[in-house]
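Enquirer: One structure, pasted below without further comment.
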Amino acid sequence: MKVFILDNGTLDLDYAWLYHIPHPATVDNQHPPAEWVTIPTYTVLIEHPQLGWVLYDATCHPEWEKRWPKELQPIFPYRATDRQLLPAQLDQLGLKMSDIDIIIISHLHLDHCGCLDFFRGTKAGSRGIIVHEDELAHALKVTHVGPVDFSGAYVKGEFELPGINYELMVGHHLELAPDLHLYHWPGHTPGLIGMVAHTQHSGTFIFTSDAIYLERNLKEWHLSGIVYDTVAYFRSMYEIKQLARKYNAVIGYGHDMDKFRELKKAPEYYE
């Protein structure tokens, strides 16, 4: 098994979305300034001897400025060079969208499912994109009950697409192969899926997606700023911590720029 990390650009945002109340106000400083930061957005590609090409997450759509609600664009602006866009990242490995066999979407926020649009009618899209049943149910509910077609970072047009089918992950754990496992780690959203890959020579990798944004969240046992269920958040973080200890694993956090820089990027890989 080979594990490729695909660099898909960056998002800019207020640090408070990543770390809950990073600069609390005090009597002496009642209006502390916001901290504006840049974070990575990335996908993980697995070349697996039994499963074929497996893609974890689908980052942002290149035409985000046309697709995202105008209310969200100045809050989380996306930045990417042409080379960082998902189609180009696959192309550098000699792959097309139609070559991908299985797609797993950690959760249906717009920065994790945006490029599903490119998989309409492909074998992966027709087979069924793997999402957790709790995630799809929640995403459909919140984008269909209000006056607009988005709610928070859920945008109906990014995941409800003709030519895209879904295969639901049910329960807490799904073994895709003996060396590739999916886990239900709710908290950030109701149905977030993390991925654990056991490589032969490079050890174990735990990809948390937004179950844990930053290493700082884990080390300081601190909430992120976007949490659906605070109790579930800490339970999921506890399980990730124990798995990391058990396997002496490398943790691929959701949006930690410093830790992301430490990882090999495609076309380099782990195996």
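Enquirer: Under 5 Å between amide H atoms, partner at least 5 residues away or on a different chain: which partners does D7 have, H built in plane at 1.01 Å?
Expert: A266
Enquirer: Follow-up. What three numbers, in Å, describe the spread of the alpha carbons of segment 114-175 along their principal axes, ordered from the longest?
Expert: Taking the Cα atoms of segment 114-175, the three principal extents are 37, 28, 14 Å.
Enquirer: To continue, here is another question. Equivalent-ellipsoid semi-axes (√(5λ), Cα gyration tensor) for the chain, whole Å, largest first?
Expert: On the way: eigenvalues 145, 101, 70 Å².
Equivalent ellipsoid of the chain: 27, 22, 19 Å, largest first.
Enquirer: Springs between alpha-carbon pairs under 10 angstrom, Gaussian network model over the chain: which of H61, H201, H255 fluctuates most?
Expert: Of H61, H201, H255, the Gaussian network model singles out H201 as fluctuating most.
Enquirer: Any idea how far apart E268 and K70 come out in nm if each label point goes 7 Å out from Cα toward Cβ?
Expert: 4.4 nm
Enquirer: Using the alpha carbons of segment 13-114, what is the convex hull volume per residue in cubic angstrom, as a whole number?
Expert: Per-residue hull volume (Cα only) is 122 Å³.
Enquirer: Percentage of Cα-Cα pair distances in segment 38-197 greater than 27 Å, rounded to whole percent?
Expert: When every Cα pair of segment 38-197 is considered, 19 percent fall beyond 27 Å.
Enquirer: For segment 42-62 and segment 103-172, compute the distance between their C-alpha centroids and round to whole Å.
Expert: 16 Å
Enquirer: What would the Debye equation give as log₁₀ I(q)/I(0) for segment 147-271 at q = 0.15 Å⁻¹, counting only Cα atoms as equal point scatterers?
Expert: So the normalised log intensities are -0.80.
Enquirer: Picking from P32, P74, P40, which is most flexible by a Gaussian network model of the chain using Cα springs under 10 Å?
Expert: Highest fluctuation among the options: P32.
Enquirer: What GluC sites (Glu not before Pro) in segment 143-247 are in a loop by DSSP, with at most 11 other Cβ atoms within 10 Å of the Cβ?
Expert: The qualifying sites are E220.
Enquirer: Another question, then. Only Cα pairs within less than 10 Å get springs; with that Gaussian network setup on the chain, which residue of A249, A211, A34 has the largest fluctuation?
Expert: Of A249, A211, A34, the most mobile in the Gaussian network model is A34.
Enquirer: Provide the convex hull volume over Cα atoms per residue for segment 155-198, in Å³. Kindly include the intermediate steps, with their values, before the conclusion.
Expert: On the way: hull volume 4.5 nm³, N = 44.
Here the figure is 101 Å³ per residue.
No lab work stands behind these numbers, since they all come straight from the coordinates. Keep in mind that this is a model prediction, so the values were computed, not measured. Here Cβ is always computed from backbone atoms with ideal geometry, including for glycine, and neighbour counts include all displayed protein chains.
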